Every structure is written in structure tokens, then in C-alpha cells.
Amino acid sequence: MTQAWLPDLIYVDGRFQSEVALVCDQRVVKLTPAAEVPNPVRLKNRALLPGLVNAHSHAFQRVIRGRTERRSQNTSDSFWTWRDQMYEAANRLTPEDIYAVSRMAFLEMALAGITAVGEFHYLHHAPDGTPYSDPNTRFSDPNLLEREVIRAARDVGIRIALLRVAYARAGYQTEPNPRQVRFIESSPDVYLKNLEQLLAAPELKDGAAWVGVAPHSVRAVPLAYLKAVVEFANARGLVVHMHVAEQAAE
């Protein structure tokens with residue numbers, strides 16, 4: 001069943017126009033002259049704009065909002081001290097926590113007018129670095145956390161591009177960081193195998209959620225690894241999204 005909405009103004013083709021109705025079912029169906037729509041719901045003193053897109057999100061970091069953004073007498077506060085707090089939070093979150101915090105973040109986005117999000121997601125494993133098991137089948141599920149994030153977005157009603165992050169190392173010529181074991185997929189073969197499994201997930205069938213390839217950064221992904229995942233993405237027509245230069249050293 002469709003419903004027509006008629007605001008005072010609606011943003012179409014780069015400008016606000018009047019006497020244009022928006023026809024919807026569960027999604028936008030069309031824009032049409034108001035005279036062609038019987039009994040539209042009038043939205044008095046309202047202007048209607050397209051939904052906004054949040055192109056780069058880390059939903060789980062909602063749990064540390066307000067805990068790290070501060071000024072203090074400690075002049076060493078930096079990206080690196082923020083990252084310590086982020087790691088501490090990331091390594092405590094259960095799959096249920098990931099769902100809850102993602103749902104909260106996406107709900108706040110929706111209330112602010114955001115209707116689609118690019119979720120740059122790099123929490124893949126259990127805190128000890130092992131893959132999760134599907135709670136229903138007990139089989140290995142390397143995308144359990146990804147599916148929890150997608151479920152949260154779907155439950156809120158926001159569209160999501162799950163940008164599945166490739167993360168191979170702590171940094172160029174740097175020893176492994178034990179606080180990153182939830183992120184690491186050490187080879188492109190492992191990453192691409194898990195990515196292909198996610199691409200077949202039933203949550204993607206209706207077009208409200210889709211997957212992109214996300215090499216984390218030049219410090220976290222070696223060149224050969226980067227080339228392999230980008231070649232895969234190009235062959236499949238997948239979006240590639242990356243921190244091109246996350247910090248000054250890059």
C-alpha cells in the first residue's frame with residue numbers, strides 16, 4: 001500500500017520546489033505533481049530533503065564517546081592515547097554488545113536524518129583471536145560480528161554498506177600488537193575466503209545491505225595484500241574504501 005506526502009517544499013534537482021508529492025510504500029516510489037495524487041498527507045511548515053549518507057563509521061566506538069575527547073594538562077594526549085582507550089573497549093565487546101552499540105549508533109544517525117551508512121568494520125574475531133562459531137550450527141562463522149552489525153542496521157531501518165576491513169599487521173616493520181588480534185587476518189587468502197562467505201549471507205538479498213572491501217591503511221596492509229584484495233574487488237564490482245592516510249607518518 002502506498003502513501004503520498006505533501007510538504008510545503010521538497011528538494012528536487014538541486015532546488016526546493018513546491019506542490020510536489022512524495023509517494024512511498026516501505027521505500028520511496030516516486031515524486032509526482034501534487035495535483036496527480038488524491039488525498040496526500042500534508043506536512044505543513046515542513047521542507048523535505050533526501051536522507052544523508054554517513055560515508056565512514058565505526059559504530060562500536062560509540063561506547064567510548066565522551067571518554068577520550070577532552071583537553072587536559074597532559075600534553076601527551078594524542079591519537080595514540082585515544083587508540084589505547086579504543087583497544088580497551090574493543091577487546092571487551094561480545095557479539096551481543098556489538099549489536100547493541102551498533103543499534104544505538106545507527107538509531108542516533110537515523111534521528112539525525114542519516115538513511116545510509118558506510119560501516120568501516122574491523123572487529124572480526126573473539127578476544128583471543130579465534131573465529132566465532134555460529135550459535136545455531138556451532139560451525140565456524142568468521143563473519144558473526146559483521147552480521148550482528150548488519151542486523152542492527154536492518155532493525156533500525158538504515159541502509160548499510162558493510163565495509164569489511166582487511167587488517168594484516170600493526171604497522172610497517174612493526175611487531176604484532178596483541179591488542180589487535182580481533183582485527184588480524186594475516187593473509188589475503190584468509191581475508192578473501194571470509195569475504196566471499198559474507199557476500200553469500202542471506203542478509204544481503206534484499207538490497208538494504210551490501211558489502212565493500214576495506215583495506216585498513218598502508219601501514220596495516222602490505223602492498224601485495226592490498227593488490228590482491230583490490231583486484232578481487234575490481235573483478236566483483238565491489239566498492240574499495242580505505243584510510244589513505246590515517247596519520248601524518250603515512
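Figures for the structure shown
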read-out: Subset of the stretch 113-132 that is part of a strand (DSSP E or B) and of a type outside the set (A, V, I, L, M, F, W, C) - its residue that is nearest to the chain's Cα centre (by Cα); value: 119
read-out: Residues located in the stretch 150-167, provided they are farther than 16 Å from residue 247 by Cβ, touching a helix residue (DSSP H, G or I) at 6+ places or on another chain (Cβ under 8 Å), open to solvent by less than 20 Å² (accessible area, probe 1.4 Å) and not charged (D, E, K, R); value: 150, 152, 153, 158, 160, 162, 166
read-out: Residue, nearest to residue 80 (Cα to Cα), within the stretch 213-250, restricted to residues that are within 18 Å of the chain's Cα centre (by Cα) and surrounded by fewer than 18 Cβ atoms within 10 Å (Cβ to Cβ); value: 246
read-out: Any hit, the stretch 194-211, residues being touching a residue at least 12 places away in the same chain (Cβ under 8 Å), open to solvent by 10 Å² or more (accessible area, probe 1.4 Å) and either touching a Pro at 6+ places or on another chain (Cβ under 8 Å) or at positive phi (or both); value: yes
read-out: Checklist (1) farther than 20 Å from residue 59 by Cβ; (2) within 14 Å of the chain's Cα centre (by Cα); (3) not charged (D, E, K, R) applied to residue 135, failing item; value: (2)
read-out: Pair list, Cβ < 8 Å and 6+ apart or interchain, from the stretch 1-18 residues that are open to solvent by 30 Å² or more (accessible area, probe 1.4 Å) to residues that are assigned to a strand (DSSP E or B) and charged (D, E, K, R); value: 8/44; 8/46; 9/46; 18/8
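The values are calculated or read from the model by the stated rules, or taken from the named source; none is laboratory data. Source: prediction; values computed, not measured. Cβ sites come from the backbone with ideal geometry, for glycine too, and all protein chains shown count toward neighbours. Calculation scope for accessible area: heavy atoms of the full protein, side chains included, ligands and nucleic acids excluded. Shrake-Rupley method; radii C 1.70, N 1.55, O 1.52, S 1.80 Å.
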